[in-house]
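Worksheet: one structure, shown below.
The values are calculated or read from the model by the stated rules, or taken from the named source; none is laboratory data. All of these numbers come straight from a predicted model, not from anything done at the bench. Glycine also receives a Cβ, built like all others from the backbone with ideal geometry; neighbour counts cover every protein chain displayed.
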Amino acid sequence: MTTTVSPAPAASTERSGQAAGKTVQGAGTRTSERWNDAEERALRRLYATHTAREIGERLGRSRIAIKNKALKLGLGNVVKSHNAGCFRPGLVPWNKGMRFIAGGRSTETRFKPGDKPHTWNPVGHERVSKEGYLQRKVTDTGVTRRDYRPVHHLVWQEAGREIPPGYALVFRDGDKRNFALDNLELVTRADLMRKNSCHNYGPEIAAAVQLKGAITRQINKGMK
């Protein structure tokens, strides 16, 4: 018994088949052919009420070709959307003028007048800021940054002293829990900046801090 083995198709045959497959897939659509006057008139007539796909099926062109031509003709950036639920001028929603009343057990979890969130704290509550300063709640306006004041500021002002603009109240010994009045002093913002300057730690540290700042600025610039 003789078995006949068919030869493998040549590469040119495979490419021809692939090309044929592409032709079949895109059959009936034209992308690069010139538009005639009748097609342009049809596009102008249909673009506001039909989708690009629907117009393409009528004119035998691709959806992209329809959109590009509509843009060139000044008919708009896009043709009619597939979303048939969009509101159109003059439409009135079914619930206009109706008051919404939630059902079920929603009333059990609603905030009621006088309710406080779980994060609320009474006046007198103390917390530690991210800089390490002890703060005390002195008012209850609901604006946290206004309600809390640094404790060393309160001690200073209770002694009848003020903090003029351009000055900072600092701890002489650096201990942020030592609120003794003689441990507090006023310094100008300029003096405070010089005191905390990286140049006080030597040229190597100063150069490293400046380099870090330059890198951070470049990163922030790239993220904008």
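What to note about this one:
- Filtering region 129-136 for residues that are loosely packed, with under 14 Cβ neighbours inside 10 Å, over 30 Å from F179 (Cα atoms) and either within 34 Å of the chain's Cα centre (by Cα) or not β-branched (V, I, T) (or both) leaves an empty set.
- Comparison of A38, A19 shows that the only residue that is outside the structural domain of V143 (by TED's automatic domain parsing), loosely packed, with under 11 Cβ neighbours inside 10 Å and at pLDDT below 80 is A19.
- Qualifying residue in region 133-140 (condition: part of a loop (DSSP other than H, G, I, E, B), modelled with pLDDT of 95 or more and either of a type in the set (K, R) or closer than 26 Å to R194 by Cβ (or both)): yes
- Flag if A70 is modelled with pLDDT of 75 or more and surrounded by 11 or more Cβ atoms within 10 Å (Cβ to Cβ): yes
- Residue check for H118: over 30 Å from F171 (Cα atoms), assigned to a loop (DSSP other than H, G, I, E, B) and in contact (Cβ under 8 Å) with a residue 12 or more places away in the chain: no
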